[in-house]
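Read-outs: derived from the displayed coordinates by stated rules, not from any lab. Keep in mind that this is a model prediction, so the values were computed, not measured. Because the Cβ atoms are built from the backbone with ideal geometry, glycine has one as well, and the counts that use them run over all protein chains shown.
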Amino acid sequence: MTQPAQTSPTPQLPAMTLADLQAQMQHWQQPAFRAKQLLDWCNKGVLDPCEMANIPAPLRQLLQENLCCQPLKLVHRQCSSDGTRKYLFALQRDRVAGKMVESVFIPEEKRGTVCISSQVGCVLDCPFCHTGTQGFEANLTAGEIVAQVLMIKHDLRQEPLADELHSDVTHIVYMGMGEPMANEAAVQQSIEILMDEQRLHLSRRRITVSSSGLVPQITRLGAAQPVNLAISLHSADDAKRDILVPINKKYPLAELRRCLDAYPIGKQRHITLEYVMLDGVNDQADDLATLVRFVQPERERVNLIQFNPYPGSPYSGSSKQHMKRFAQQLISQGIRATVRRSRGDDIMAACGQLKADATIPNQG
Ligand code: SF4
């Protein structure tokens, strides 16, 4: 299931560390301090050497000729009435050039969350998910994953949101297009870059990886970088989950249970179990009972998600009242449960709705 790690033949600037850039400067016989200057631009989301004011022209030329400074091109941006922004990016790398991914910025009063993509399309095929209908097209590199965050930071600085909303990136969730754990190497490398103190220096508490349950990869993530974990559960019954999350046939609930029990969570942290509420499919009394039996209330919480329909989707969502009742019943059994507020659904940016539309005209 894990795809081979994608690497770019040309080093991608957003994936470079200070040590990488120092080595590069030495190779080009440039002063060492240029490495830090370049990294500062990069961290601000300024990836075009022409915009790096304190970098001399000959070095700009070396950068343009030898590195891939801008692995993504912003093709389109949509803004929701609630402040959510959806970005469509085109890959620039050979062989996958022109393929599209989407990312979403979700502002709140005190935090700004970027939902990033890890694949073009998805290797899996969950029948309620719009991305899944696209099929798998490509794995992103670490540089392309990090570039989504950097370019959104840059956009927010150029055009901040209304005063009451946070206009910078404080949290990252790997919940956009793709199954992050099926692109394990690039995702792990991108996490290291986001946490690097010379780069965005994000704490692991501010990074969440969402997986549909690739057990060996989640176990390795926990050993290497125990960031927050979210699991697309959607049913605690194997027969139903085999249909809703087909990877369950390979890693059934008992295996997933063992994996979650062993995942290292710090004090006051918990694993989030995502549960999209589908009318008449997984929202009945017996679904609730199996869910209650599955959840470990001390370590896990349930996040109920409103189903966001997309053209041709075979399911309809449970009503808001029913979702509230379902949540209350979980809470009455001692389980932390929340109903996720849907954001950006007027621009198809809500959970499960992402699917890059290559027909959107280039609006830069
Ligand atoms: S829900 Fe996640 S894993 Fe399943 S098809 Fe959609 S993007 Fe892929």
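Before moving on, here are some points about what is shown:
- With a cut-off of 13 Å on the backbone N, the residues of segment 269-310 near the modelled label site 7 Å out from Arg204 along Cα-Cβ are 269-270.
- Net charge over other residues, Cβ less than 14 angstrom from the Cβ of Gln189 (K, R count +1; D, E count -1): -3
- Pairwise label distance in nanometres, Ala239 with Ser81, each label 7 Å out on the Cα-Cβ vector: 4.3 nm
- Theoretical gain in end-to-end length, Asp279 to Gln158 [0.36 nm per residue, Cα-Cα removed]: 39.4 nm
- Prolate/oblate/rounded label for segment 234-336 (Cα gyration tensor, a/c 1.5): oblate
- Calculated over the chain, the projected area of the Cα convex hull averaged across directions stands at 18.1 nm².
- Note on Ser316 and Glu197: with the Förster distance fixed at 45 Å, the Cβ-Cβ geometry gives a FRET efficiency of about 0.45.
- Amide N of segment 187-224 lying under 20 Å from the label point, which is placed 7 angstrom from the Cα of Ala262 along Cα→Cβ: 188, 209-224
- Neighbourhood charge, 12 Å Cβ-Cβ cut-off, centred on Asp40 and excluding it, Lys, Arg +1 and Asp, Glu -1: +4
- Stretchable slack from Arg220 to Asp168, in nm (0.36 nm times residue separation minus alpha-carbon distance): 15.7 nm
- Adding -39500 (n - 2.57) for every DSSP H run of four residues or longer, then dividing by how many residues the chain holds, sets the calculated 222 nm ellipticity at -9000 deg cm²/dmol.
- Potential lengthening between Asp125 and Ala57 on full extension [0.36 nm per residue; Cα-Cα distance subtracted]: 19.7 nm
- Radius 12 Å from Cβ of Asn303, net charge of other residues (Lys, Arg +1; Asp, Glu -1): +2
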